[in-house]
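Presented below is the structure to which this report refers.
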Amino acid sequence: MRRAVFESGFALAAVVLSLLGLLEAWRYSGEGGLMPRGVMTLMLVLSGLWLAQSVSALRQADEPMLAPTSAQLRGALLLIVAGAALLFGMRFVGFYTSAAIIVPTLAWGLGYRNLKGLLIGTVLFVCVLIAVFRFLLVVPLPPEIILLPFGG
């Protein structure tokens, strides 16, 4: 398959998902909706540029063929599985707990083997998530299932 055909399909999917996300973010009221609307608008613009670039590459006769390696396919599948696990984990386990489990697991699966780096990166990532959602956006998230016995 030609690379431009593959990219055009994914770019179109990104445009559609960005538009749906922007429509959802537009329902947020007050200042809490500014960041989601800004992020989704930026995502829509960038994915639109990607789509335009990919469609223009379709006209080039010397466009390279796509020949993914097994490692690239495994990495793509791992990203899809991690994304689905994060979505379901947020709903049933908790947002922060899911992130604390999936982020290092995904990094390990993609080949990062520095345990100290995984630990530090995960802690920093979860701290940033907590800061953004609790202090910046002031958005209440569902309770963490592991904290329920402790009143959390």
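Readers should treat all values here as calculations from the given coordinates under stated rules, not as data from a laboratory. Remember, predicted model here, so these are calculated numbers, not experimental data. Here Cβ is always computed from backbone atoms with ideal geometry, including for glycine, and neighbour counts include all displayed protein chains.
Of all trypsin sites (Lys or Arg not before Pro) in region 12-67, which ones are in loop regions per DSSP and have a Cβ with at most 11 other Cβ atoms within 10 Å? All intermediate terms of the calculation are to be shown ahead of the outcome.
On the way: sites: Arg27, Arg37, Arg59; in loops: Arg27, Arg59.
Within region 12-67, the qualifying trypsin sites (Lys or Arg not before Pro) (loop, at most 11 other Cβ atoms within 10 Å) are Arg27, Arg59.
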task: Could you pull the Cα extents of the chain along its three principal axes, largest to smallest, in whole Å?
output: 63, 42, 24
field: Arg2-Phe135 pseudo-label distance in nm [points 7 Å out on the Cα-to-Cβ vector]
entry: 5.1 nm
field: Span-like helix ranges in the chain, DSSP H, alpha carbon extent 18 angstrom or more, Kyte mean at least 1.6
entry: 115-130
task: Quote to one decimal, in nm, the extra length available between Ala67 and Leu119 on full extension: 0.36 nm per residue of separation minus the C-alpha distance between them.
output: 15.3 nm
